[in-house]
Each structure stands twice: as structure tokens, then as C-alpha cells.
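**Student:** There's a structure below that I have some questions on.
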Amino acid sequence: MLRGFIDSRRYKTSGKNKAVREYIISFPGIDSIDKAKLLIGKKVEYRDGDLKIKGSIIATHGVRGKVRVRFRKGLPGELDPTKIFLKLNGDLIRGLRLETPSS
């Protein structure tokens, strides 16, 4: 699991509609748009105690490796922006050339 960080809450907003299910998230080690494109379609999960909300990466955002994530339901207002986890597999680690944890 790779821990991510929420950069922006409520990404898409307008006067009448607030799309509170979409967030912009960054992951350490993902610093280019080419690496971020490999993440599209991967599963993401917000975990806080017993609360688990699943989502998926739907698009890239910008050129510095940030991604746009749509969750199945909105995240709580008092959320911890560091409790986002990306589910990794061996092919994804090799494609991104990430360092595997040594613990």
C-alpha cells in the first residue's frame, strides 16, 4: 500500500452543484505525468479506524504527477488528509520504478 495525500478537497464545484466525491491526490514518488497515467483505473481507499471508503483514480491533474480520484461516497468533513492508500501490485511497482519498503 502506498500512502497518498489529499491536495484539494471538493475539486469540482459550481454555484448549484458541489461534486464532493472528487479529490486531487498526490503520491510520493509519482512526480511526472507519465507515471501518473499508469495509475488511472487503480483502486484507492480512505481508512480512518473502522471507516473505509473506496474510490478509483479517474484522471491525471497537471504535469507534476497529481491524480483525480472519485470516491463512491463523500469523505467526512473532518478528514485526515494523510489516510489515503493506493493498492499496489508488483507490475505497478516495476512500471513506476518505486522503492519497495524495507521493513
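The values are calculated or read from the model by the stated rules, or taken from the named source; none is laboratory data. Note that the structure is predicted; figures quoted are calculated from it, not measured. Every residue, glycine as well, gets a Cβ built from its backbone with ideal geometry; the counts of neighbours run over all protein chains shown. Each accessible area value is taken on the protein alone, full model and side chains, heavy atoms only, with ligands, DNA and RNA left out. Shrake-Rupley method; radii C 1.70, N 1.55, O 1.52, S 1.80 Å.
**Student:** Can you name the strands (runs of 3 or more DSSP E) wholly within region 20-67 that have at least 2 residues being of a type in the set (D, E, K, R) and either open to solvent by less than 50 Å² (accessible area, probe 1.4 Å) or under 15 Å from Phe5 (Cα atoms) (or both)? Break it down stepwise before answering.
**Tutor:** Details: elements: 22-26, 43-48, 51-61.
Once the strands (runs of 3 or more DSSP E) in region 20-67 are filtered for at least 2 residues that are of a type in the set (D, E, K, R) and either open to solvent by less than 50 Å² (accessible area, probe 1.4 Å) or under 15 Å from Phe5 (Cα atoms) (or both), what remains is 43-48.
**Student:** To continue, here is another question. Tell me yes or no: at least one residue of region 77-100 is under 10 Å from the mean Cα position of the chain (by Cα), within 18 Å of Pro28 (Cα to Cα) and modelled with pLDDT of 90 or more.
**Tutor:** The answer is no; no qualifying residue exists.
**Student:** Out of all the residues in region 68-85, which are in contact (Cβ under 8 Å) with a residue 12 or more places away in the chain, surrounded by fewer than 16 Cβ atoms within 10 Å (Cβ to Cβ) and over 11 Å from Tyr23 (Cα atoms)?
**Tutor:** Arg72, Lys73, Pro76, Asp80, Thr82
**Student:** So, in region 21-52, exactly how many residues are of a type in the set (Asp, Glu), at pLDDT 90 or above and within 13 Å of Ile84 (Cα to Cα)?
**Tutor:** Counting residues in region 21-52 that are of a type in the set (Asp, Glu), at pLDDT 90 or above and within 13 Å of Ile84 (Cα to Cα) gives 1.
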